[in-house]
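The values are calculated or read from the model by the stated rules, or taken from the named source; none is laboratory data. All values reported here derive from a predicted model rather than from experimental measurement. All Cβ positions, even for glycine, are placed from backbone atoms using ideal geometry, and neighbour counts span all protein chains on display. The accessibility values were calculated without ligands, DNA or RNA, using every heavy atom of the protein model including side chains. Shrake-Rupley method; radii C 1.70, N 1.55, O 1.52, S 1.80 Å.
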Amino acid sequence: MDRLIEIALCDDNAEDMEALELLAERFAAEHSEFPIRLSVFASARDLLIAVESGSGFDLYILDVMMPGMSGIRFAETLRSRGDRAEIVFLTVSREYAVDAFSVYACGYLLKPVNKERFDEAVLHTIQKIVHDKNEVITVKTKDGLRRIQLHKIVMVESFNHTREITITDGSKLETPSTLSELFGQLGSHENFYMPHRAYIANLDNAVGIVRYDLLMLGNRRIPIPKKQFSTVQEFVRNYFFRRK
């Protein structure tokens with residue numbers, strides 16, 4: 001396992017943050033099988049600024065109640081952007097559990113957080129992240145077989161009797177496999193969707209809908225047939241607000 005796991009810690013209380021950071025550092029030291037980078041934020045607004053400037057995190061561990069912008073409000077903003085990262089909330093009361101699930105958080109920890117519960121929650125979440133990110137499919141190419149990690153697929157396009165797979169680094173891979181064959185491999189994962197009969201989109205790499213196009217990572221666009229626009233729009237909207 002060599003993929004860096006990005007974790008954001010956010011709490012406006014300096015004492016609580018110090019304890020949280022210590023727990024996270026100890027976890028990272030005890031689980032060297034997971035390369036982890038920690039980033040610390042004193043407010044949800046500071047964290048949102050970092051996210052909007054291009055920083056991406058796999059896991060957010062944040063306090064529910066913070067002045068200016070609450071952890072719940074931050075999570076709602078995150079989800080509205082289509083970000084499917086995992087979230088663990090910190091709270092002094094179980095009453096916020098319902099709010100946590102409304103933004104598809106993977107759980108919450110009661111303050112003061114003890115090491116055993118912290119380690120259990122973080123380990124479970126990281127294992128899920130690693131599993132999701134490491135799933136692969138094998139596709140045919142003119143040079144033989146090629147394995148591709150699912151999370152790196154942006155979209156698949158069918159044209160001129162060829163299927164072209166666009167990867168997150170901007171590269172493209174041609175395959176003679178039919179779109180039906182490829183969707184047979186990908187369709188069991190709910191993030192893969194056909195908004196058009198000639199395209200497969202990875203909704204985890206979708207940015208949003210602009211006019212009659214599904215806008216994808218790298219400014220790639222998938223046309224949405226006008227007759228299907230409402231159906232596609234509803235599906236994409238529901239996916240963005242649904243837990244993976």
When residues of region 136-167 are limited to those that are open to solvent by less than 60 Å² (accessible area, probe 1.4 Å) and outside any strand (DSSP E or B), the one farthest from A14 (Cα to Cα): L150
Odd one out for E76 among (1) at pLDDT 80 or above; (2) surrounded by 18 or more Cβ atoms within 10 Å (Cβ to Cβ): (2)
Residues being open to solvent by less than 40 Å² (accessible area, probe 1.4 Å), among the aromatic types (F, W, Y) and not in a strand (DSSP E or B) - total across region 168-207: 0
Identity of the residue in region 1-27, over 21 Å from the mean Cα position of the chain (by Cα) and open to solvent by less than 40 Å² (accessible area, probe 1.4 Å), that ends up farthest from G71 (Cα to Cα): F27
Region 1-35: number of residues that are without any contact (Cβ under 8 Å) to a residue 40 or more places away in the chain and touching a Leu at 6+ places or on another chain (Cβ under 9 Å): 5
Residues that are closer than 15 Å to D204 by Cα and open to solvent by less than 40 Å² (accessible area, probe 1.4 Å), drawn from region 117-135: I129
Among the residues listed as G56, G82, G71, the single one being of a type outside the set (D, E), at positive phi and modelled with pLDDT under 95: G82
